[in-house]
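Structure first, then comments.
The values are calculated or read from the model by the stated rules, or taken from the named source; none is laboratory data. Just so it is clear, the structure is predicted and the values come from calculations on it, not from any experiment. Neighbour counts run over all protein chains shown; Cβ positions are idealised from the backbone, glycine included. Note: accessible area is taken over every heavy atom of the protein model, side chains too, but ligands, DNA and RNA are not part of it. Shrake-Rupley method; radii C 1.70, N 1.55, O 1.52, S 1.80 Å.
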Amino acid sequence: MDADVLHRLNEARTARRAVVLVKNLKTGKDSLVFEGETVADDLPGDLIGEAFRTGRGKLSESEDLFVSAYLPPPKLIIIGAVHISQALAPMATMAGLDPVIIDPRTAFATPERFPETTVMAEWPQDCLPGLGLDAYTAVATLTHDPKIDDPALTVALEAGCFYVGALGSRKTHARRIERLTDAGVAADGPSSIKAPIGLSIGAATPSEIAVAVLAEIIAALRQRPDAAA
Amino acid sequence: MAETLDENVLDIAQEWRKAGREVALATVVQTWGSAPRGVGSHLAIDGEGQFVGSVSGGCVEGAVVAEAIEVIESGEPRMLDFGVADETAWEVGLSCGGKIKVFVEKVG
């Protein structure tokens with residue numbers, strides 16, 4: 001591998017930019033494909049798309065090419081230090097997500113309630129800009145309180161997060177869409193919010209809702225449309 | 001996460017290279033059965049045989065390092081095939097054998 005290719009690969013990883021490395025095992029030529037870029041005709045578009053989706057590497061059938069993905073580790077921002085969050089945060093960690101919990105209500109956002117997770121007792125609009133939300137970040141709002149949830153949803157939609165979900169009934173969500181639209185959030189933004197949050201599995205308890213939310217986040221991550229085409 | 005540890009291997013490989021050390025990079029490109037490390041796992045090796053990362057959780061690192069030193073000397077990449085014998089696989093905590101294909105190349 002050329003030292004320059006290694007340097008560019010490491011730069012992309014540091015910048016949390018998804019990149020696929022196509023290694024021609026016969027010629028020794030390495031090509032980097034960055035997410036969102038057009039794939040050159042002489043590169044295997046299908047294998048590259050698959051690598052961006054799954055994050056896994058693969059040897060081509062002919063064994064001439066090795067295609068591997070370097071995706072940023074996904075982050076999960078949980079708004080609300082609530083009961084569901086107490087189950088969701090450790091489950092998310094197990095699934096390979098890096099969770100952060102935000103709730104300005106200091107009685108909820110305590111390290112005692114979340115011994116293993118970073119908890120920030122701040123308003124979302126104050127601390128989210130510093131957390132670097134991006135296309136490999138998921139945001140789940142769980143407080144039921146528009147004063148806390150709405151600002152987080154606005155920031156998440158503007159940042160292009162791969163998943164934005166909000167707790168609340170259909171009726172609650174209809175009012176939420178109205179509020180966000182009135183507040184000037186781009187037209188297609190509010191409609192992309194997953195609500196009611198979580199896959200429909202009849203979840204009844206906070207832990208079960210956490211499973212439904214986590215499954216929905218994983219589906220959003222792994223079933224993204226081809227990131228490069 | 002395992003991925004995070006793996007990716008640090010690439011940073012270390014770059015640092016070694018910058019410091020003027022000869023470096024080879026080994027990458028798992030295919031696995032069968034219960035191979036201990038997934039496709040894309042890296043091992044970085046320097047000309048003195050020092051290494052970071054892993055391609056098999058300890059089973060075949062010794063052999064990969066020896067091959068890597070030759071790759072550094074010759075500059076020619078190699079594809080290595082390893083069958084993890086049942087007995088060895090048992091020792092690393094696997095109930096059945098696995099096979100891995102490892103590509104070793106010099107970082108130029």
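For a Förster distance of 56 Å, can you work out the FRET efficiency between the beta-carbons of residue A:122 and residue A:46, rounded to the nearest 0.05?
0.80
Set Lys and Arg Cβ to +1 and Asp and Glu Cβ to -1, take the dipole of segment A:3-70 about its Cα centre, and tell me which of A:51, A:24, A:65 lies farthest positive.
Projecting each Cα onto the dipole axis, the largest value belongs to A:51.
Roughly how big is the B-A contact, given as buried accessible area in Å² (both sides, 1.4 Å probe, nearest 100)?
Roughly 1700 Å² of accessible surface disappears when B and A pair.
At most 12 other Cβ atoms within 10 Å and a DSSP loop assignment: could you name the GluC sites (Glu not before Pro) in segment A:53-117 that fit?
When the GluC sites (Glu not before Pro) of segment A:53-117 are filtered for loop state and at most 12 Cβ neighbours within 10 Å, A:61, A:112, A:116 remain.
Could you run the Karplus curve 6.51 cos²θ - 1.76 cosθ + 1.60 with θ = phi - 60° over segment A:156-168 and give me ³J(HN,Hα) per residue in whole Hz, x for Gly and Pro?
Coupling constants for segment A:156-168: 5, 5, 5, 7, x, 4, 6, 8, 9, x, 9, 6, x Hz.
Taking chain A as the reference, fit the longest principal axis to its C-alpha atoms, fit the long axis of helix A:3-14 to the helix C-alpha atoms, and give the angle between the two in degrees, 0 to 90, nearest 10.
Relative to chain A, helix A:3-14 is tipped by roughly 10 degrees.
Taking N as the number of residues in segment A:1-129, what value does Rg over Cα atoms divided by 2.2 N^0.38 Å take?
So segment A:1-129 has a normalised radius of gyration of 1.42.
Taking 0.36 nm per residue of separation and subtracting the Cα-Cα distance, what length does fully extending residue B:63 through residue B:21 add?
13.1 nm
Determine the percent antiparallel among the DSSP beta bridges restricted to chain A, to the nearest 5.
Around 40 percent antiparallel, to the nearest 5.
Can you compute the FRET efficiency between residue A:145 and residue A:15 using 1/(1 + (r/R0)^6), with r the Cβ-Cβ distance and R0 = 25 Å? Round to the nearest 0.05.
The pair residue A:145/residue A:15 has a calculated efficiency of 0.15.
Only Lys, Arg, Asp and Glu count, each charged at its Cβ (+1, +1, -1, -1), so figure out the dipole size of the protein assembly as shown about its Cα centre, rounded to 20 debye.
1120 debye
So, in nm, how far is label residue A:54 from label residue A:174 when the simple model puts each one 7 Å beyond its Cα toward the Cβ?
4.3 nm
Return, for the Cα atoms of segment A:75-222, the radius of gyration and Dmax in Å, separated by a comma.
According to the Cα coordinates of segment A:75-222, Rg and Dmax are 13.8, 40 Å.
Tally up the carbon and sulfur contribution to the accessible surface of segment A:79-229 as a whole percent, 1.4 Å probe, everything protein left in place.
Using a 1.4 Å probe with all protein chains present, segment A:79-229 comes out at 56 percent carbon and sulfur.
Cα gyration tensor of segment A:82-144, axes a ≥ b ≥ c as square roots of the eigenvalues: rounded (a/c below 1.5), prolate (a/b > b/c) or oblate?
oblate
Working out 0.36 nm times the residue gap between residue A:107 and residue A:199, then minus their Cα-Cα distance, what length gain in nm do you get to one decimal?
Between residue A:107 and residue A:199, full extension yields an extra 30.2 nm.
Averaged across the residues of A:1-10, what count of C-beta atoms belonging to other chains lies within 10 Å of each residue's C-beta?
Counting other chains' Cβ atoms within 10 Å and averaging over A:1-10 gives 5.
Count the net charge of all other residues whose Cβ sits under 10 Å from the Cβ of residue A:133, scoring Lys and Arg as +1 and Asp and Glu as -1.
Surrounding charge for residue A:133 is -1.
If you take the charge dipole of segment A:129-178 about its Cα centre, with +1 on Lys and Arg Cβ and -1 on Asp and Glu Cβ, which of A:135, A:153, A:174 is farthest toward its positive end?
A:174
At 20 °C and a viscosity of 1.002 mPa s, what translational diffusion coefficient does Stokes-Einstein give for the protein assembly as shown, taking Rh as the Kirkwood radius over Cα pairs? Give it in µm²/s as a whole number.
98 µm²/s
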